[in-house]
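What follows is a set of notes on a single structure, which appears directly below.
The values are calculated or read from the model by the stated rules, or taken from the named source; none is laboratory data. Please read these numbers as outputs of a predicted model, since none were measured by experiment. As a convention, Cβ positions derive from the backbone with ideal geometry for all residues, glycine included, and neighbour counts pool all protein chains shown. Areas reflect the complete protein model, heavy atoms only, side chains present, ligands, DNA and RNA absent. Shrake-Rupley method; radii C 1.70, N 1.55, O 1.52, S 1.80 Å.
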Amino acid sequence: MNVLKIATAGSVDDGKSTLIGRILYDTNSLTEDKLQAIEEKSRQRGFDYLDFSLATDGLVAEREQGITIDVAHIYFSTPKTSFIIADAPGHVEYTRNMVTGASNSQASIILIDARNGVVEQTYRHFFINNLLQVKDVVVAVNKMDLVDYSEEKFNEIKGEIEYLSQKSNYKNQNLTFIPISALHGDNVVEKSNNISWYKGASLLEYLEGLQVEEENNESKMRFPVQNVIRPKTEEYHDYRGYAGKLYGGDLAVGDKVTVLPSETQSTVKSIQFFDQQFDEAKKGSSINITLEDDVNVSRGDMLVKTGEEPRIVKQLEATICWMDSTPLQASEKYYIKHGINEAQAKIMSLDTLINTDFSGKSDNPTQLSLNEIGQVKLKVSKPLFVDSYKENKANGAFILINPKTNNTSGVGFIN
Amino acid sequence: MNTNVIRVGALESEAIYIIREVVAQFEKPVLLFSGGKDSITLVRLAQKAFYPAKIPFPLMHIDTGHNFPETIEFRDRLVEELGVELIVRNVQDNIDAGKVKEETGKYASRNILQTETLLDAIEEFGFDACIGGARRDEEKARAKERIFSVRDDFGQWDEKNQRPELFDMLNGRIDLGQNVRVFPISNWTELDVWSYIQKETIEIPSIYFAHQRDTFLRDGLIWSVNDEVVYREEDEEVEERMVRFRTVGDMSCTAAVISSASNIDAVVEEIRASKISERGARIDDKRSEAAMEKRKQQGYF
C-alpha cells in the first residue's frame, strides 16, 4: 500500500486537533475503546458535542491546557492509501516543530479559521512550506459554519494566500483551497450540502488523489554508505558489502560509480536485499551492494554515478532555521550532520535574518534565536558531498548539533 | 531482457536504515526482545539490515517471570536459529533482593517492576542504545516519541525537551551515562506489522492464534487462568474459551480476545475488521489516562 506523509499546521484554536479527530472518526479509524474514552471525557467536561481533539493531544500538559505542544503522529488508512499525519503545533514558540513535521512530509495542510482569516501564523506556516519546498499544500478554511458558509469570506482568504504565493521563491507548489467545518464534518471526508457553491473535492478525496511518489523524481542517485558488511564466515570470506539507502535515483548492476571523497571509480557488481540478488534497485530502497574492484570505502563515503558527481565542498552557504534556545552566533562551532556524514562546522558569517512573513530581510544580525531563519556561511572540517536543497532534498539538507549539549540546534538548506 | 528489480517498501526501508544507524553510531547496542510480534518483527528487520553477516548485537529479555510459557519456548528456539547472544535478566532477582516491592491484590502486575530491572541491566552491560519495538500508533504518549529517544541515568524521558528529528538524520550524540531508546518501527501500525509477518512468513508464538484456554471474566476482559501469577477471586468462574492474544505481555496484564483465527491470514483479516484497539486489551494502560506517559517518564520503554 502507498504511504503518504502529511504535515498539519494551524494557529492555536484553529481546530487542527478537531480536524484530525474528525478525519479519524469519519474514516472509521477510531476504535470503539478510543471513541468511548472521548465520549466519556467530553461528557465529563460538559461539552454537548464530541471533543475530537482528545484523540490526538497525547501529553498531560496538553490535555490540561487544551493545546498541542509537540509533534504527534497519527495513523489512518483508506482502502487506497496509508496516511501518516505529523501534527505540529501552531504556537509562535514551536516553529521548530512545524519545520520538523514538514521535513518528513510530502504534503501539508494549512488550517485557517474563517472568522480570523490570514493571521501572522498563517504567513509563517506558508513561509515554512515554501522554504522546505513542500509540493502539495492544501489550505483548509475551517469553521465555515461560523461565517454562515460564506463564499465571499472564503474567496477573500484565498485571494490573500494567492497574493502571498506570488512573493514566494518556490514556484512549483500546487496550492488547493477547501472550505470545511471540522466540527460538523463539512467537506472533511464527505462533500457538504451546506457549501453547495464549492465544487471541488473534499479534503480526504484531495489527499487520496495525491501522487505518493518519492520526492525529487528528477534528481541524481546518491548512495551514502552507512555500514561496511563483512560477514567473516567461510562462505563469504572475502565479501565486502556496502549498506545504505538509495536517494534520488535508481541503481543497477553494471552501473559505473565514483566513490567520494577518494574519487576512485568502480562498477556495481551485485545488489542484494536480504538473501536475494537483484539487477536493479529503485530509489528509497535500503540495500546492500558490492563493487567489482577492491576499493577503499568506509562509513560516510558516498557512491554516485560517474558523471553525476555532486559538489565537493569545505564551505557552504545555507538558509538555517534555528531550533535551540541558545542562539546561533557567528564564529561559534557546531557538529554538522549532512545525511549520515559528520564533521565540525564553524559559522563564518551570519549574513541576513529573513522575516517569515514575506516582508523581507535584515542584514548582519548579531545572532539567530530560536525559531528564526537566516542566511549563513560556514566552513567544515572535511569535504562534504552536497547538492543544493532545490536539486536534491536529502543531499541538500543538514543539521547543526551543539557540541556542549548534543542538542539538534538547527537545520540548514544548502543554497 | 528481463530484469529483476527490487523496490523496498517505505516502512521496511526506513526501519532497516534506522537499525543500520544504530550500529554505526553506538558502541554497545542491544535489542530489547519480549517475544511479542513487534520485537520478532524487529529481529527480522535486523537480519535483513546486515545479511549476509549475523545480527551484530545481542538480544535482551527482561523476564518478569510471568510470561506465557509459549513465548519463552519460542524465544529460545529463535535465538538458537539465529546464532545470536541472548541476555536474560529477571525481575524476580530484584524482588528477592528486596530492591523492588511486588504488587499485591486483584490487579497485581510486574509490568512496572520491569523498568528497574531494565535500568540495572543497561548499567551492568553499559548499553548505550536499546532498540525497541514500540509504535507510535499504540498509545497517544507514544505518538510523540522520537525515533532516537534520549534517556538520562534514570532512564527518564523528558517529553517536553525532545530533539527535533529532521528528514531522516538521526542525532545519536549522548553524554556518558545517557542512553538512547531506538524505535525503528515507530511509523508502523498494528496492521502493518501483521501484514509484514504474513508477507514474510515469519514464525510467531502459538498464543497469537486461536486456541482453547481456561479463562475467567473481569471488567469485561478475558483473563488467563494461572493460579501462580494471576490473582482470581473465588467467584470469578473458570471457563474454557476459544481465544487468542492480540498483544503479548505478562499473563497478569494481557487479556485475551475471543477468536477463531487460527492462522496468519485469518489474523490479518480479523485485525483489518477490528473495532477495538490493540491496547484495549492491555490492563496496564487502563490504570489512568496518562498511565503510559507516567511510566515512560520513569524509564519504561
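Simple spin-label estimate for A:T366 and A:D26 gives 5.1 nm between the two label positions (7 Å along the Cα-to-Cβ direction from each Cα). The three principal axes of the C-alpha atoms in region B:205-284 carry coordinate ranges of 38, 23, 20 Å, sorted with the longest axis first. Kindly flag which residue pairs out of A:K283/B:K199; A:K80/A:K390; A:K135/A:K377; A:K232/A:K283 have an alpha-carbon separation exceeding 25 Å in this structure. Listed pairs above 25 Å: A:K80/A:K390; A:K135/A:K377; A:K232/A:K283. Just checking the listed ones, B:N94, B:N226, B:N161: in the Gaussian network model of chain B with Cα springs under 10 Å, the one fluctuating most is B:N161. Semi-axis lengths, largest first, of the ellipsoid equivalent to region B:179-250 are 30, 17, 11 Å, with √(5λ) applied to each eigenvalue of the Cα gyration tensor. Over the protein assembly as shown, the Kirkwood radius and the radius of gyration, each from Cα atoms, give a ratio Rg/Rh of 0.96. What the Cβ-Cβ distance of A:K167 and B:V225 gives, at R0 = 60 Å and to the nearest 0.05, is a FRET efficiency of 0.30. Each of the peptides A:347-359, B:100-112 was scored by the mean count of other Cβ atoms within 10 Å over its residues; in descending order, highest first, they stand as A:347-359, B:100-112. Using C-alpha pairs below 8 Å separated by at least 6 residues, the relative contact order for region A:222-305 is 38 percent. In summary, the aspartates and glutamates within cross-link reach of A:K404, defined as a Cα separation below 13 angstrom excluding same-chain residues under 8 places away, comprise A:D324, A:E332, B:D175. Each peptide in A:140-150, A:265-275, A:38-48 gets a packing score, the mean of other Cβ atoms within 10 Å over its residues, and the list from highest to lowest is A:140-150, A:265-275, A:38-48. For chain A, the mean residue ellipticity at 222 nm estimated from helices alone is -5500 deg cm²/dmol, where every DSSP H run of n ≥ 4 contributes -39500 (n - 2.57) and the total is divided by all residues, rounded to the nearest 500. Taking chain B as a Gaussian network of alpha-carbon nodes connected by springs under 10 Å, the highest mean-square fluctuation of the residues B:M60, B:M251, B:M169 belongs to B:M169. Ellipsoid semi-axes for chain B, based on the Cα gyration tensor and the rule √(5λ), read 30, 25, 18 Å when sorted largest first. Shown is the FRET efficiency for B:L86 and B:D175, computed with R0 = 35 Å from the Cβ-Cβ distance and rounded to the nearest 0.05: 0.75. Remark: mean inter-chain Cβ contacts per residue of A:238-246 equal 3, using a 10 Å Cβ-Cβ cutoff to other protein chain atoms. About its Cα centre, the protein assembly as shown has a charge dipole of approximately 2080 debye under the convention of +1 per Lys or Arg Cβ and -1 per Asp or Glu Cβ, with nothing else charged.
With a 10 Å cut-off around each Cβ of A:26-36, the average count of Cβ atoms from other chains is 3.
Within the listed set B:V180, B:V229, B:V243, the residue fluctuating most in the Gaussian network model of chain B (springs between alpha-carbon atoms under 10 angstrom) is B:V229. For the cross-link pairs B:K37/B:K101; A:K41/B:K106; A:K282/B:K48; A:K337/A:K379; A:K245/A:K337, the ones whose C-alpha atoms lie over 24 Å apart are B:K37/B:K101; A:K41/B:K106.
Other protein chain C-beta atoms within 10 Å of residue C-beta, averaged over B:192-199: 1. When the C-alpha to C-alpha distance is required to be over 27 Å, the pairs from A:K361/B:K144; B:K28/B:K54; A:K305/B:K28 that qualify are A:K361/B:K144; A:K305/B:K28.
Scaling against 2.2 N^0.38 Å puts the C-alpha radius of gyration of region A:100-225 at 1.14.
The calculated Kirkwood hydrodynamic radius for region A:222-305 is 12.6 Å, given to one decimal from all distinct C-alpha pairs.
Note on chain A: Cα-Cα pairs beyond 39 Å make up 28% of the total pair count. Counting 0.36 nm for each residue step from A:K333 to A:H184 and taking away their Cα separation leaves a gain of 48.5 nm. Here chain A exposes an accessible surface that is 43 percent carbon and sulfur, computed with a 1.4 Å probe and the other protein chains kept in place.
Based on C-alpha pairs under 8 angstrom that are at least 6 apart in sequence, chain A has a relative contact order of 12 percent.
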